[in-house]
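A.B. asks: First the structure, which I've put down as structure tokens, then a few questions once you've had a look.
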Amino acid sequence: MSWLAGTVMLRGTGMSVQEMREYAAAYRAGADHAERLALLEQHHSAVLARQAEVQRHLAALERKIKAYRQTIVATSDSARPAA
């Protein structure tokens, strides 16, 4: 059961099926802890890089949303008749 949970976790982090097969093959082939750790650390680095990229895209999206909201407010304010 723990192997399945580990597989689900790895897939959830974006590990490809091919990478999971390679990890499982290393395990079955008797790779020691250091070798398996190296595989996981490599994947960890890739996950952190993707996370940083998503953060950059999210920040750009938030700036765009803010700009549209400001434009809408400015447009609706200028469209109101003077009191």
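The values are calculated or read from the model by the stated rules, or taken from the named source; none is laboratory data. What you are looking at is a predicted structure, and each value in this text was computed from that prediction instead of being measured. Cβ coordinates were reconstructed from backbone atoms using ideal geometry, including for glycine residues, and neighbour counts include every protein chain displayed. The protein model used for the area step is the full one, side chains on, heavy atoms only, and it has no ligands, DNA or RNA in it. Shrake-Rupley method; radii C 1.70, N 1.55, O 1.52, S 1.80 Å.
A.B. asks: Tell me whether the range 15-24 contains one or more residues that are in a loop (DSSP other than H, G, I, E, B) and within 20 Å of the chain's Cα centre (by Cα).
C.D. replies: The answer is yes; a qualifying residue exists.
A.B. asks: Continuing with the same structure: Is at least one residue of the range 34-54 open to solvent by 80 Å² or more (accessible area, probe 1.4 Å) and in contact (Cβ under 8 Å) with a residue 12 or more places away in the chain?
C.D. replies: yes
A.B. asks: Taking the condition of being of a type outside the set (Val, Ile, Thr) and surrounded by fewer than 12 Cβ atoms within 10 Å (Cβ to Cβ), how many residues in the range 17-33 meet it?
C.D. replies: Selection size over the range 17-33: 8.
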